[in-house]
Amino acid sequence: MTKICQHPFKTIQIQNTGEVYCCCCYWTDFYSFGNIFDSSFEEIWNGQKAQDFRRQFIDNNFSFCKTDVCDPAFEDITPTLTVPFPKRIEFSYDRHCNVRCIFCRTQSDNQEELHNRLKEKRIEDNFDSIFTPVIQHAELVELNSAGELFASKHSIDIVKKIIKINPNIQFRIISNGILFSKKNTQALDLENRLNSAIISIHSASKNTYDKLVKNGNFNAVIDNVRYLANLKNLGKLQTLQLNFVVTALNYKDMKNFVKFAKDINAKAFFINYHRQIDSDSLQSLLDISLPSHPKYNELVEILSDPIFNDDEHCVVNDYLKNLKPSNPSLFQRLKHLFKK
């Protein structure tokens, strides 16, 4: 057994183009194993491109990965170039969402929405013939890091199809939490099939939340998170994770966010802001983890608090964890003096 990142050996991620990845396509430089509309899963999963990717990981080479934003998911496994069907399937393409976060993607135009719908229709029409073999062998399905499951008819229909194919499947749901209510969870017959709930909140107060999330509902999120926390306490949910993308607008909420996670027996997960699609001006405004940001040292000081060492209720990604104090520029020092 070797401790190695498990994704190339256990996970596939499906995009609406049919491309198959083993992890977030943005974090693996869009390295595709193949396309489900061109080849069978058997051919893709153990094809040459998949084996080449696994060989890099066996050699402890992460050159395919953006390690500044993704920490390897190390597990004790026996690494081989060819492996059985994946245990985990990620459907990560449905962009339907009921909110707009300022650090997330921009609004799609009508033409893009139409193209996405046509791609989704192709998956729907071919779902049973293409996905049945791999779903039958899978243990866990993840939806939906690209949008909001409970706001999308397409994703809701996909969940129903998956349960019909494999009634014993477990789900890892990524959501903004607004619609992740008891009523909606039970309507989809998910309550006894939940493995993990990953809720993106990014704040510990309504005031901060409203600055980050357009059309959001902070109170509904908190109510639904407490419902999920109760499922966890009843043994019906293995993991309840609360996501927090650190920006200049919410970093002062970080300690209270950990306290809230601890209060409900959840885990706070902090990741640095990283969006390559943003303009340089937006990146420099929001990304407080850049040493050039005027509030950078305040963030470093906050992260030095022992509250972030609570491994049971808090995870800070390696990039943030390794931040060091920066000497302020002359401009920043003068600016500070003028403020006095």
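The table below gives the values:
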quantity	calculated
Looking only at region 202-227, and only at residues there that are part of a helix (DSSP H, G or I) and open to solvent by 80 Å² or more (accessible area, probe 1.4 Å), the one that is farthest from residue 262 (Cα to Cα)	211
Some residue of region 192-201 being part of a helix (DSSP H, G or I) and buried (at least 20 other Cβ atoms within 10 Å of the Cβ)	no
Members of region 1-17 that are of a type outside the set (S, T, N, Q) and either surrounded by fewer than 22 Cβ atoms within 10 Å (Cβ to Cβ) or under 25 Å from residue 95 (Cα atoms) (or both)	1, 3, 4, 7, 8, 10, 12, 14
Selection count, region 159-179, where residues are within 19 Å of the chain's Cα centre (by Cα) and among the aliphatic types (A, V, I, L, M)	5
Residue check, residue 169 free of Cβ contacts under 8 Å to residues at least 60 places away in the same chain, open to solvent by 40 Å² or more (accessible area, probe 1.4 Å), among the β-branched types (Val, Ile, Thr) and over 22 Å from residue 314 (Cα atoms)	no
Positions within region 263-290 being open to solvent by 60 Å² or more (accessible area, probe 1.4 Å), at pLDDT 90 or above and under 14 Å from residue 245 (Cβ atoms), in sequence order	none
Residues (open to solvent by 70 Å² or more (accessible area, probe 1.4 Å) and on the phi > 0 side of the Ramachandran plot) located in region 24-63	29, 30, 60
Residue that is farthest from the chain's Cα centre (by Cα) [pool: residues in region 134-158 that are outside any helix (DSSP H, G or I) and either within 14 Å of residue 37 (Cα to Cα) or among the charged types (D, E, K, R) (or both)]	139
Matching option when the condition is open to solvent by 80 Å² or more (accessible area, probe 1.4 Å), at pLDDT below 90 and either hydrophobic (A, V, I, L, M, F, W, C) or not in a strand (DSSP E or B) (or both), among 256, 327	327
Conditions (1) surrounded by fewer than 19 Cβ atoms within 10 Å (Cβ to Cβ); (2) within 20 Å of residue 175 (Cβ to Cβ): number failed by residue 92	(1)
Failed criterion for residue 131 (all others in (1) in a loop (DSSP other than H, G, I, E, B); (2) modelled with pLDDT of 90 or more hold)	(1)
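The values are calculated or read from the model by the stated rules, or taken from the named source; none is laboratory data. The shown structure was predicted, so the numbers you read here are calculated from the model rather than taken from an experiment. Quick reminder, even Gly has a Cβ in these numbers, built from the backbone with ideal geometry, and neighbours come from all protein chains shown. Surface accessibility is based on the protein's heavy atoms, side chains included, excluding ligands, DNA and RNA. Shrake-Rupley method; radii C 1.70, N 1.55, O 1.52, S 1.80 Å.
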